[in-house]
Amino acid sequence: VGDRVQFETDRDGQGVIIQSEPRRNYIIRRSSNLSKEAHILAANIDQAFLMMTLCMPETPLEFADRFLLTAEAYHIPVILLINKTDLISGKTIDGLHSVEKTYRDAGYTCLAISVKNGSGIPEVTGHMKDKTSLLAGNSGVGKSTLINVICPDAKLKTMDISAFHKTGKHATTYAEMIPLPGGGNIIDTPGIRGFGIIDMDRNEIGLYFTDIFRISQDCTFHNCTHIHEPGCAVRQAVDEEILARSRYQSYVNIYSDRNEKYRI
């Protein structure tokens, strides 16, 4: 979805694609079943919205970090949407503030919203105006519900969260580009359970963790992996709580994962 193509039509109005234009960008992932299959989520996009939830279901922060890593590698700006804030109360508010701080410190716009009560939606639509945007996230975080609010004519199918597993069910089964009433397009995608990294050298990973890259300029060694070298500014920043431990742990997990299919 998002590819630009040339096509011809016959007298019956049937179209045949005759040529695909070069892609300006795209965002790709490796399938989460450890296969070697690659899945391009969308092409030629101006920005991506990664929708997260802290409960019902809870989005793993490493999933978010993997998505952001790949988007950085393909020069795609990302805005994070933390949905279902109407369900957050008490101690979980501290969790919300912590997640917001983590990603704002990394340089990302982070919007706390509630599709259910409309909180934050005007700001979201403002960011979408006149742009082609990808909307991604785990199943059940509210992607299709958000699009139905913004584009009532879309009438996308939605499903309730599993009460037992507290996880989402696949309501969207294929990617679709939908025109926005105020100008622009939104690409709705099926819920993603895992986000495998592909087509990336292992030593490039630290370049695309924006906060880690910034701090790494102070490492003693220019080729520091931030795993075991002495004089590592990144590990020191974690110890001093300057860098979120969750971000560093995501980096270590991705760097160390033997199942990842990196470019060699």
Checklist entry - Which percent, to the nearest 5, of DSSP beta bridges fully inside the range 27-124 are antiparallel? => result 40
Checklist entry - Taking H as built 1.01 Å from N, whose amide H comes closer than 5 Å to the amide H of ALA48, not counting residues under 5 places away? => result VAL78, ILE79, LEU134
Checklist outcome for this item: Per-residue accessible area, 1.4 Å probe, largest first, puts TYR255, TYR108 in the order TYR255, TYR108
Item to check | Amide N proximity, the range 79-103 versus SER119 label position 7 Å along Cα-to-Cβ, cut-off under 19 Å | outcome: 80-103
Checklist entry - For the pair GLU241 and LEU96, what calculated FRET efficiency results from E = 1/(1 + (r/R0)^6), where r is the Cβ-Cβ distance and R0 = 22 Å, to the nearest 0.05? => result 0.75
Next on the checklist: At R0 = 22 Å, how high is the FRET efficiency between TYR174 and ASP10 if r is their beta carbon distance? Nearest 0.05 is fine.
Outcome noted: 0.30
Checklist entry - Given H placed 1.01 Å from N in the peptide plane, which residues other than close sequence neighbours of ASN185 have an amide H under 5 Å from its amide H? => result LYS131, THR132, SER133, LEU180
Checklist outcome for this item: Mean accessible area per residue over the chain (1.4 angstrom probe, all protein chains present, square angstrom) is 53
Checklist entry - What does the charge dipole of the range 201-256 about its Cα centre add up to, to the nearest 20 debye, if the Cβ of each Lys and Arg holds +1 and the Cβ of each Asp and Glu holds -1? => result 120
Checklist entry - Share of antiparallel DSSP beta bridges in the chain, in percent to the nearest 5? => result 45
Checklist entry - What are the DSSP H helices in the chain that stretch 27 Å or more along their long axis, judged by alpha-carbon atoms, and whose average Kyte-Doolittle hydropathy comes to at least -0.5? => result none
Checklist entry - Can you pull out the GluC sites (Glu not before Pro) in the range 1-74 that DSSP calls coil and that have at most 15 other Cβ atoms within 10 Å? => result GLU37
Checklist entry - For the range 1-102, with equal point scatterers placed on the C-alpha atoms only and solvent neglected, what are the log10 I(q)/I(0) values from the Debye formula at q = 0.18 1/Å, to two decimals? => result -0.95
Checklist outcome for this item: Once the dipole of the range 23-99 is set up from charges on Cβ (+1 Lys and Arg, -1 Asp and Glu), the residue from the list TYR26, LEU81, PHE49 lying farthest towards its positive end is TYR26
Item to check | Local electrostatic count at GLN19 - Lys and Arg +1, Asp and Glu -1, tallied over other residues with Cβ under 15 Å | outcome: -1
Item to check | Only Lys, Arg (+1) and Asp, Glu (-1) charged, at Cβ; the chain dipole about Cα centre in debye | outcome: 480
Checklist outcome for this item: Over 24 Å (Cα to Cα) among LYS91/LYS129; LYS91/LYS155; LYS129/LYS155; LYS84/LYS155; LYS91/LYS116 -> LYS91/LYS129; LYS91/LYS155
Checklist entry - Using a basic spin-label model with each label point 7 Å from the Cα along Cα→Cβ, how many nm lie between ASN44 and HIS222? => result 4.0
Checklist outcome for this item: If amide H atoms are modeled at 1.01 Å from N in the peptide plane, then the residues at a separation of 5 or more from LEU41, or on another chain, having amide H under 5 Å from its own are ILE27, ILE28, ARG29
Checklist outcome for this item: The extension gain from GLU229 to ASP257, computed as 0.36 nm times the residue separation minus the Cα-Cα distance, is 8.2 nm
Item to check | Local net charge near ILE121, Cβ-Cβ under 15 Å (Lys/Arg +1, Asp/Glu -1) | outcome: +2
Checklist entry - Among LYS155, LYS131, LYS84, LYS143, what's the order by accessible area (1.4 angstrom probe), most exposed first? => result LYS155, LYS131, LYS84, LYS143
Checklist outcome for this item: Expected field for SER246, accessible surface area in Å² at 1.4 Å probe radius, rounded to 10, holds 40
Item to check | Net charge over other residues, Cβ less than 13 angstrom from the Cβ of ASP3 (K, R count +1; D, E count -1) | outcome: +2
Checklist outcome for this item: Per the rule of 0.36 nm per residue minus the C-alpha distance, extending ASP86 to ARG214 adds in nm 42.6 nm
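The values are calculated or read from the model by the stated rules, or taken from the named source; none is laboratory data. These numbers were taken from a predicted model, which means no experiment stands behind them. Glycine also receives a Cβ, built like all others from the backbone with ideal geometry; neighbour counts cover every protein chain displayed. Remember, those area values only see protein heavy atoms, side chains included, never the ligands or the DNA or RNA. Shrake-Rupley method; radii C 1.70, N 1.55, O 1.52, S 1.80 Å.
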